[in-house]
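First comes the structure, then the notes that go with it.
The values are calculated or read from the model by the stated rules, or taken from the named source; none is laboratory data. Because the structure is a prediction, the values reported are computed rather than measured. Cβ: placed from backbone, ideal geometry, glycine included. Neighbour counts: every protein chain shown. Heavy atoms of the whole protein, side chains included, go into the accessibility calculation; ligands, DNA and RNA do not. Shrake-Rupley method; radii C 1.70, N 1.55, O 1.52, S 1.80 Å.
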Amino acid sequence: MFNINHNKKAKTLEIECADFKFFAKIHIDAGASLQELTLAGHEIIKPLSPLPYTTTYASSILFPFANRIKDGHYKFQGEEFEFEINQKEENNALHGLVYDKTFDVLSIETEPETALIVLEYNETELSKGFPYKYRVQLEYRFTKDKLDLKMSVKNNDAKPFPFTLGWHPYFLSHNLYESSLEFSSTKKLELDDRNITVNTLETETKAPIKIGKQQFDDCWILNNDEVLFKTPKYNLKFNATGNNNFLQVYTPPKENTIAIEPTTGVSDSFNNEIGLAILEAGNSYEITWSLNIESNQT
């Protein structure tokens, strides 16, 4: 049976099921981000301390844009806008606007084999870089060996706005050197020294990529929504709904840890329009990211 502890003072939700060797922890005041996750006895997400959340954005929800906006500047429907620069060293706007927001807990439900948590953030103030009202709703559905994270965005404004979405989880491997990634892609993005997209390169990525000693900060355009992360102890299968599927992979300065980030757009998408979508006034958009775990040990 799943049990959920809502610590209102600490602004956390802890989800536990001893029978399934399951544990999860959501930080409500850090954009409702999933900071800890143990599936089928495998600790796959844990805090990146001593690295702070303010620099890692670990497990953050990315909206209204994933990745970066060069100089924070973009044009939309004939108007110019400028996000706050929160990545000073590259002079970019980074990872959107909701990663540090406090969400409301709308509902908590538990069943013998399922836990469901729904959280919501409503933006009612118009920011300089994104002067629109919107609602972001997150639905975390946990089972013994699976996580479904459904994100829905509603445009509560009177005019359309541009957007891309993403999720920024870091995963733990017992031995990252012996781990690998598998996905299908024929296009990879070329980035400049500020990690801004400058070109699309032809590639052929079908065979497993052994991580080894490689240092990643790369983005691929996927041919489908499936990504496999294989480690010595467990395999993770990623899937996503929707048509725009991009994969950002990053190795932080943290041993045996890798960011595997599904997104619907790329860096500087508000300017290059790769993956960019427009949400009309009153309309909603939703996407679900799924994780399935399979143990490699008996």
Sorted by mean Cβ packing within 10 Å, highest first, what order do the peptides 260-267, 273-280 take? 260-267, 273-280
Once you sort the root eigenvalues of the Cα gyration tensor of the stretch 136-262 as a ≥ b ≥ c, which label holds: rounded (a/c under 1.5), prolate (a/b larger than b/c) or oblate (the other case)? oblate
Point-charge dipole on Cβ atoms (K/R +1, D/E -1) for the chain, about Cα centre, debye to 20: 420 debye
So for the chain, considering every pair of alpha-carbon atoms, how many percent are separated by more than 23 Å? 54 percent
State whether the stretch 52-97 is rounded, prolate or oblate according to the following rule on the C-alpha gyration tensor (a ≥ b ≥ c being the square roots of its eigenvalues): a/c under 1.5 gives rounded; otherwise a/b larger than b/c gives prolate, and the remaining case gives oblate. oblate
Cut-off 10 angstrom, C-alpha nodes, Gaussian network model of the chain. Which of Leu119, Leu34, Leu201 fluctuates the most? Leu201
Among Gln215, Phe22, Asn244 - extreme Cα towards positive end, dipole of the chain, charges at beta-carbon: Phe22
Where the centroid of each part is defined by its Cα atoms, how far is the stretch 192-247 from the stretch 1-75 in Å? 21 Å
Sites Lys146 and Asn86 - FRET efficiency at Förster radius 30 Å, r taken between beta-carbons, to 0.05: 0.35
Geometric extent, Cα atoms of the stretch 4-147 - Rg, Dmax (angstrom): 17.2, 57
Using a 10 Å cut-off on Cβ atoms, rank the peptides 245-254, 215-224 from the highest mean neighbour count down. 245-254, 215-224
Provide the packing ranking of 99-105, 165-171, i.e. peptides ordered by the mean count of other C-beta atoms within 10 Å per residue, highest first. 165-171, 99-105
Rounded to a whole number, the Stokes-Einstein D of the stretch 82-142 in µm²/s (Kirkwood radius over Cα pairs; 37 °C; 0.692 mPa s) is 237 µm²/s
Under a 1.4 Å probe, counting only protein heavy atoms, Glu125 has an accessible area in Å², nearest 10, of 130 Å²
In square nanometres and to one decimal, what's the mean projected area of the convex hull around the Cα atoms of the stretch 197-298? 8.6 nm²
